[in-house]
């Protein structure tokens, strides 16, 4: 991704972008309680991972933060305002899962990015010069400007993802929600997305990423919220993303390997535990803390 | 056969009026059909067009304009289907099937109980050539209203259909858009009923959008192609019906179907023959 492009104006972003999820309970019409007593707080300048097994309420939580679902009890506030008010101010940008998009839809890359600007346009949604400029700048920032006239179905998985990232950038959302951003993208795009998220974090955005890629989490997320219908653990990655918490959240759904090197020459306990979801393994030391995360490429080179 | 024989249909006022009516109604349906086809709601048009029957009969009984009754019944079907789906364990297609056939059956029963001067055949198959002034006026109002409202909200509705979550995220009222769209659909169907009747309205609400989608990958162009094809079919179909002495509505829909078939076969990018040729070339390229 290009680095020379215009940074978001810091004055746009007030210091009060905090997300308060306060004792939220969400029950569906059929009586199923998808989330209960869910509480956590996040502030600006954060990349937070939201992890949990399928059916743990991740997407319910996303929909609640976006105001599509109304909590049965509790509340969600963004910068002290109710979600609906924050939305009218374009504060929350959303990047959908690839499976949720109809790629045959007859819209161009530029059309999609301009959809991020609708909240700023008049009721006829005719883009002003500023809207076009911002859309082009956003496309340049994700390295997709050359593709702006393409129909969205004609792009690769990574390119598609970047178009929707550009839409979120164009929307100038202070809070960015990403639903499974790494599913179906190549390693290069994965790195590019992470790089861009880091830039947004430096620009004081709050980024919430729902992901299955546990191995990637420590490499770019500074906060983690682990849920299973309620918050099991929330806090800085180093303290929260522990073997114990993950074992509680994922139970038997992860591969669990123990590697014991106690006969190491220096005599120290050297037991490792590897948790893997078949993507990238998590390696824990004997204290249950992360030893290091997988560096794709590096380890493969070393093993040669 | 000389030239004057070919231009004969244009010498009759009722023929020219029928062509203009069909073009207006067909064009309006075509614009709507683009949204329906993209959303996968083609059968919503089918459902609403059948469900208007009891509304028409009721309007007749109370002496209201038939279009008003039809509009309300259509809206009731479209929104009722959504509501029942959200509040029961039945899936949407089943609910829709039950609601619209139920309303249609109710309409048929009511129709046979009430003595009217309206022929059931005209409601089922339209009566383009014998259309009355008042009906024509109602259709023109309904079609114009639909087109004007759509011109204002087309981008919002398109975003809602493409990505409802994003629509909400930029502050659009998606519930309002949803019901507005269903209201526009009912309004269009009211206009279309006068021309081609209940049975064939559904074709006018699906086929042009499909033609547009096969020949274009931009929404604006898709709409233009769909409307163009529908207006051409309206005029050509009415014209042909004069010589074939056939049902006008059927001739219009048949023309649309022929264009769709040609587009599906010979479309420059998504046509079956183009794709087959591209696949052959790719295979030949690999062998070399």
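Every number here is computed from the coordinates shown, using simple stated rules; none is lab data. Remember, it's a predicted structure, so these values are computed and weren't measured experimentally. Every residue, glycine as well, gets a Cβ built from its backbone with ideal geometry; the counts of neighbours run over all protein chains shown.
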### Summary
Once both label points are put 7 Å beyond Cα along the C-beta direction, the residue B:3-residue B:173 separation in nm becomes 5.8 nm
### Message
Order A:171-177, B:23-29, A:158-164, B:119-125 from most to least packed using the mean count of other Cβ atoms within 10 Å.
### Response
B:23-29, A:171-177, A:158-164, B:119-125
### Message
For chain B, what does the relative contact order come out to in percent, with C-alpha contacts under 8 Å and a separation of six or more?
### Response
28 percent
### Summary
For residue A:41, placing the label point 7 angstrom along Cα-to-beta-carbon and taking region A:198-224, residues whose amide nitrogen sits under 18 Å are A:206-207, A:223-224
### Query
How high is the FRET efficiency between residue B:120 and residue B:258 when r is their beta carbon distance and R₀ equals 22 Å, given to the nearest 0.05?
0.15
#### Entry: For region A:114-179, fraction of C-alpha pairs farther apart than 15 Å, in %
51 percent
### Task
Take every residue in peptide A:140-153, count the Cβ atoms of other chains within 10 Å of its Cβ, and give the average of those counts.
1
#### Entry: Average other protein chain Cβ within 10 Å of Cβ, residues A:112-123
3
### Task
Could you state, as a whole-number percent, how many of the C-alpha pairs of region A:63-200 are farther apart than 17 Å?
61 percent
### Message
How are the alpha carbon pair distances in chain B distributed across 10 Å bins from zero to the largest one, expressed in percent?
### Response
7, 27, 32, 22, 9, 3, 1, 0
## Note on the structure
Beyond 14 Å, the calculated P(r) of region B:60-113 holds a percent of Cα-Cα pairs equal to 59 percent
### Query
Roughly how crowded by other chains is peptide B:32-45, in terms of the mean Cβ count from those chains within 10 Å of each of its Cβ atoms?
1
### Query
When you count, for each residue, the other Cβ atoms within 10 Å and take the mean per peptide, how do B:191-200, A:18-27, A:120-129, B:160-169 rank with the highest first?
B:191-200, B:160-169, A:18-27, A:120-129
### Task
Do me a favour and compute the ellipsoid semi-axes for region A:10-241 from its Cα gyration tensor, root of five times each eigenvalue, largest one first, whole Å.
28, 20, 18
### Task
Report the relative contact order of region A:10-241, percent, no decimals, based on alpha-carbon pairs under 8 angstrom and at least 6 residues apart.
30 percent
#### Entry: Whole-percent pair-distance distribution, where bins are 10 Å wide, for the alpha carbons of the protein assembly as shown
3, 14, 21, 21, 17, 12, 7, 3, 1, 0, 0
### Query
Do the sum for chain B: with -39,500 (n - 2.57) for every DSSP H run of n ≥ 4, divided by all residues, what is the mean residue ellipticity at 222 nm, to the nearest 500 deg cm²/dmol?
-27500 deg cm²/dmol
### Query
What is the spin-label model distance, in nm, from residue A:289 to residue B:132 if the labels are put 7 Å beyond Cα along the C-beta direction?
8.7 nm
### Query
Simple spin-label model, 7 Å along Cα-to-Cβ: residue B:88 to residue B:151 in nm?
4.1 nm
### Task
Subtracting the Cα-Cα distance from 0.36 nm times the residue separation, let me have the gained length for residue B:98 to residue B:221 in nm, one decimal.
40.7 nm
### Task
With a Förster radius of 30 Å, plug the Cβ-Cβ distance of residue B:273 and residue A:149 into 1/(1 + (r/R0)^6) and report the FRET value to the nearest 0.05.
0.70
